[in-house]
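Here the structure comes first, spelled out in structure tokens, and everything after it is commentary.
The values are calculated or read from the model by the stated rules, or taken from the named source; none is laboratory data. None of these values were measured; they are calculated from a predicted model. FYI the Cβ positions are ideal-geometry reconstructions off the backbone, even for glycines, and counts take in every protein chain you see.
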Amino acid sequence: MSTLLLRGGRVIDPSQDLDRTANVLLADGKIAAIDPPGSTTADQEIDASGRIVCPGWIDLHVAHREPGNDDDETTASATHAAVAGGFTSIACFPDTAPVVDNRASAEFIKLQAARAGHCNVFPLGAVTKNHAGQELAEIGQLVDGGAVAFTGAKNPVANCEIMRRALEYARMFDRPIFNHPQVPELVAGGVMHEGHWSMVLGLRGMPAAAEEIMVSRDIALAEMTGGRVHLMCLSTKNAVDLVRRHRQRTDQKGRVTCDVTAHHLALTDESLRSFDSNVKVDPPLRSQDHLDALIAGLKDGTIDAICSDHQPHSDEKKALELDQTPFGIVGLETLLPLCIRTLIEPGHLTWPQLIRCLTLSPANILGIEKGTLNAGADADVTIIDPDVRWTIDPARFRSRSRNTPFAGWEVRGRASHVIVGGKVRFTA
């Protein structure tokens, strides 16, 4: 029997409402015990004193680009970036070439992840064939291939009838539909949030209403069908309020969930004054009042999870003119220090609240048996050094891409050890 003892850390496990100094024993890839009795010895020991020991983090949606755009990212590089950032499990977008719209393509992702050997990877299947928005993909076959949810990735499921049928069909397998809540016609050609700075900079805007209209529609369809919808990357105050009011008026717990990205908590649309293509994201960075509403949504539990929305792009693609360059930043390796800077240091969230958003809540949304340190659970553990100071340097990223607006930021906090299935997969 192979054993690993994590000694003397601050153990935080939201699934057990646990927050105290303790030892954690791992054995044969499982959590054996917290504070095992007697003088415990193990094959290997990690001194976790002064650090936080918590369930392994889970990212709800990551673009890994393989197959089709291997110059941006691969399964191996994305999963390496994931463990370096503190994640033990990621769910990957189906917007590859070819699209993950059949069983074989979902199984390919799992095979590539196993070959890479970094972390757990859960495929997200396409809602429609080839992301065309016309015909449902083979939902049942994708479930058999390991798909844990269905999505159009950054392509909203715009057709109401398609979305209704998708929710009804996915409900049969108790799988959620992940939607990018945005009315395509209202944001076509847009570069940034429509508001003061888009007018000043002379850039085409993407109105907040585009998100709010789609959120309202998806909530209505979830209520009508009894299906589960997950709203990705909320960015507007009215969208947060729509989800909040839905939960206040219905007993359909868990039918509508949502997440927010770390970069939408760290930057506003004023950042586009630099015309830096690395600040161009979708949904766009919003104004301060929207950012404040996102934080309020996290504080009161309206927003369930925090994700990286990792969108890698090669230097060549990001070097184009602002209206031509693709949306997105790499986020797996910078999420924790951004969350500390925007949520922990100002006192908006406690450590248990933040860890819940990265562990238990994403596990519940995906319906996977992760996000806990309960005895018998998979030994996926993240150890955090909350005080270490470091400078974000894209040249040191494990991701193949470097598209981040946070280069040179002085930050604190990072994962010191990441354990997947009882094996140490990353050490800082």
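Between Ser198, Ser216, Ser235, Ser271, which is part of a loop (DSSP other than H, G, I, E, B), assigned by TED's automatic domain parsing to the domain that holds Thr350 and hydroxyl-bearing (Ser, Thr, Tyr)? When all the criteria are applied, what remains is Ser235.
When each of Phe122, Phe173, Phe150 is tested for being under 23 Å from the mean Cα position of the chain (by Cα) and either surrounded by fewer than 20 Cβ atoms within 10 Å (Cβ to Cβ) or modelled with pLDDT under 95 (or both), the lone residue that passes is Phe173.
Just a yes or no: is a residue in segment 162-171 part of a strand (DSSP E or B) and β-branched (Val, Ile, Thr)? There is no residue in segment 162-171 that is part of a strand (DSSP E or B) and β-branched (Val, Ile, Thr). In segment 256-271, of all residues being closer than 14 Å to Ser198 by Cα and surrounded by fewer than 24 Cβ atoms within 10 Å (Cβ to Cβ), the one that is farthest from the chain's Cα centre (by Cα) corresponds to Glu270. Looking only at segment 139-184, residues that are among the β-branched types (Val, Ile, Thr) and farther than 21 Å from Asp259 by Cβ come to 3 in all.
Exactly one of (1) within 19 Å of the chain's Cα centre (by Cα); (2) under 24 Å from Thr359 (Cα atoms); (3) crowded, with 18+ Cβ neighbours inside 10 Å is unmet by Pro156. Its number? Looking at each condition in turn, Pro156 falls short on (2). Of the residues in segment 200-217, at least one is within 21 Å of Leu291 (Cα to Cα) and under 19 Å from the mean Cα position of the chain (by Cα).
Would a scan of segment 92-103 turn up a residue that is surrounded by fewer than 22 Cβ atoms within 10 Å (Cβ to Cβ), assigned by TED's automatic domain parsing to the domain that holds Ile419, outside any loop (DSSP other than H, G, I, E, B) and not aliphatic (A, V, I, L, M)? No: segment 92-103 contains no residue that is surrounded by fewer than 22 Cβ atoms within 10 Å (Cβ to Cβ), assigned by TED's automatic domain parsing to the domain that holds Ile419, outside any loop (DSSP other than H, G, I, E, B) and not aliphatic (A, V, I, L, M). Among the listed residues Leu231, Leu242, which satisfies the condition of being touching a Cys at 6+ places or on another chain (Cβ under 7 Å) and not charged (D, E, K, R)? That would be Leu231, the only listed residue that is touching a Cys at 6+ places or on another chain (Cβ under 7 Å) and not charged (D, E, K, R). Only residues that are outside any strand (DSSP E or B) and acidic (Asp, Glu) were counted in segment 368-396, giving 3.
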